[in-house]
1. Out of (1) of a type outside the set (A, V, I, L, M); (2) touching a strand residue (DSSP E or B) at 6+ places or on another chain (Cβ under 8 Å); (3) assigned to a helix (DSSP H, G or I); (4) free of Cβ contacts under 8 Å to residues at least 24 places away in the same chain, the odd one out for PHE222 is which?
2. When the residues of the range 287-301 are filtered to those that are part of a loop (DSSP other than H, G, I, E, B) and of a type in the set (Gly, Ala, Ser), which remaining residue is most open to solvent (accessible area, probe 1.4 Å)?
3. Any idea which of (1) over 30 Å from TRP197 (Cα atoms); (2) in a strand (DSSP E or B); (3) of a type in the set (Gly, Ala, Ser) is the one SER254 doesn't satisfy?
4. Which is surrounded by fewer than 19 Cβ atoms within 10 Å (Cβ to Cβ) and part of a strand (DSSP E or B), of THR176, THR157, THR162?
5. Against the condition part of a loop (DSSP other than H, G, I, E, B), charged (D, E, K, R) and in the same structural domain as LEU185 (by the TED database), how does GLU271 come out, does it pass?
6. Take GLU74 and decide whether it is of a type in the set (Asp, Glu) and under 25 Å from GLU145 (Cβ atoms).
7. Any residue at all in the range 185-193 that's surrounded by 12 or more Cβ atoms within 10 Å (Cβ to Cβ), outside any helix (DSSP H, G or I) and among the aromatic types (Phe, Trp, Tyr)?
Amino acid sequence: MPTILGQNQYGKAENRVVRITRDGDTHHIKDLNVSVALSGDLDDVHYNGSNANCLPTDTTKNTCFAFAKEYGIESAEQYGIHLARHFVDSQPSIHRARIRIEEYAWERIAGSDGNSRFIGADEVKHSFVRKGQETRLAQITYDGEKFEVLSGLKDLTVMNSTNSEFWGYIKDKYTTLHEDYDRILATSLSTWWRHNWTSDEQRMPQWEKSYEQAKKHILHAFVETYSLSLQQTLYQMGSRVINNRSEIDEIRFSAPNKHHFRQDLSAFGLENEAKDGAVYYAADRPYGLIEATILRDGCEPRIPVDMTNL
């Protein structure tokens, strides 16, 4: 045979699973986009077309919905752990399952004071508006013995309108960028972090709290770092997470620099200095793309470098 089969996986991608939990008149939403990838003893389906070891992708889709009802969705991570364990432990031909999840957040819409009783309730607790901030991420991989749990987020756009500089860089004959001692620093973060929980023998993290705390430390470091480069800011954000969250050993960032260039208004006799409140041109492309992995000392990197890059 002139060719051999290499790495392969299959599954059902982007299952839109929405679970509504009713606590009396108060409703709660979990809104997930779930992708399943399975691999294992699948040579025959590729070489011979034999489906004897192949769990249909439609079955994986049905399992996603059934598990949301049967087990609920306490967190994206816990839900993904249930799914990954099921696919590997219930199917002898499946040796590895990867569950990748995007979670979309919703917040409540409060009724007006004058109309809060229009349905006979003291307060409306079942109306929501989709949040416009980040998308939460989770990826759970299970090989029958150990789990790998990655959490993260994407499209978290942040800005510091001062306390950022950029100067002292290499200059050659192609350099036209002027040094800046008071610039806007803005980026749209994509990040994954790896938990050191790998099996039921360990104490499982509180996934919801862990996510909120990691995000909090990322934002606090962004606010509190006087930045001389976006690279410096990324390192401070990652260090803050690892130093404050013992369950996290590794974090990787991809940060496109949302450039804001001061517009040249000299042709109109106008100065445009940052100290006076400047006018900027917000450039969408091209953009600087800064990426970095920050690790707990003594830990090996496990997050693939291409999981966050653009």
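1. Among (1) of a type outside the set (A, V, I, L, M); (2) touching a strand residue (DSSP E or B) at 6+ places or on another chain (Cβ under 8 Å); (3) assigned to a helix (DSSP H, G or I); (4) free of Cβ contacts under 8 Å to residues at least 24 places away in the same chain, the lone unmet condition for PHE222 is (4).
2. Going through the range 287-301, the residues part of a loop (DSSP other than H, G, I, E, B) turn out to be 287-288, 296-301.
Still in the list and also of a type in the set (Gly, Ala, Ser): 288, 298.
Values: GLY288: 25, GLY298: 73 Å².
My answer is GLY298.
3. Against the list (1) over 30 Å from TRP197 (Cα atoms); (2) in a strand (DSSP E or B); (3) of a type in the set (Gly, Ala, Ser), SER254 comes up short only on (1).
4. Working: THR176 fails: part of a strand (DSSP E or B); THR162 fails: part of a strand (DSSP E or B).
Matching residue, one of THR176, THR157, THR162: THR157.
5. Values: part of a loop (DSSP other than H, G, I, E, B): yes; charged (D, E, K, R): yes; in the same structural domain as LEU185 (by the TED database): yes.
Considered against the rule, which asks whether it is part of a loop (DSSP other than H, G, I, E, B), charged (D, E, K, R) and in the same structural domain as LEU185 (by the TED database), GLU271 comes out as yes.
6. Working: of a type in the set (Asp, Glu): yes; under 25 Å from GLU145 (Cβ atoms): yes.
Taking the combined requirement at face value, the residue satisfies it.
7. Of all residues in the range 185-193, those surrounded by 12 or more Cβ atoms within 10 Å (Cβ to Cβ) come to 185-193.
Remaining after also requiring outside any helix (DSSP H, G or I): 185-193.
With among the aromatic types (Phe, Trp, Tyr) added as a condition, the list becomes 192-193.
For the range 185-193, residues surrounded by 12 or more Cβ atoms within 10 Å (Cβ to Cβ), outside any helix (DSSP H, G or I) and among the aromatic types (Phe, Trp, Tyr): present.
Conditions (1) under 21 Å from the mean Cα position of the chain (by Cα); (2) crowded, with 17+ Cβ neighbours inside 10 Å; (3) under 30 Å from THR3 (Cβ atoms), marked per residue:
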position	(1), (2), (3)
ARG22	no, no, no
LEU38	no, yes, yes
HIS46	no, no, yes
ASP58	no, no, yes
ASN62	no, no, no
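The values are calculated or read from the model by the stated rules, or taken from the named source; none is laboratory data. Note that the coordinates shown come from a computational prediction; the quantities given were computed from them, not determined experimentally. Don't worry about glycine lacking a Cβ; one is built from the backbone with ideal geometry, like all the others, and counts go over all protein chains shown. Accessible surface is based on the protein model in full, side chains and every heavy atom, while ligands, DNA and RNA are left aside. Shrake-Rupley method; radii C 1.70, N 1.55, O 1.52, S 1.80 Å.
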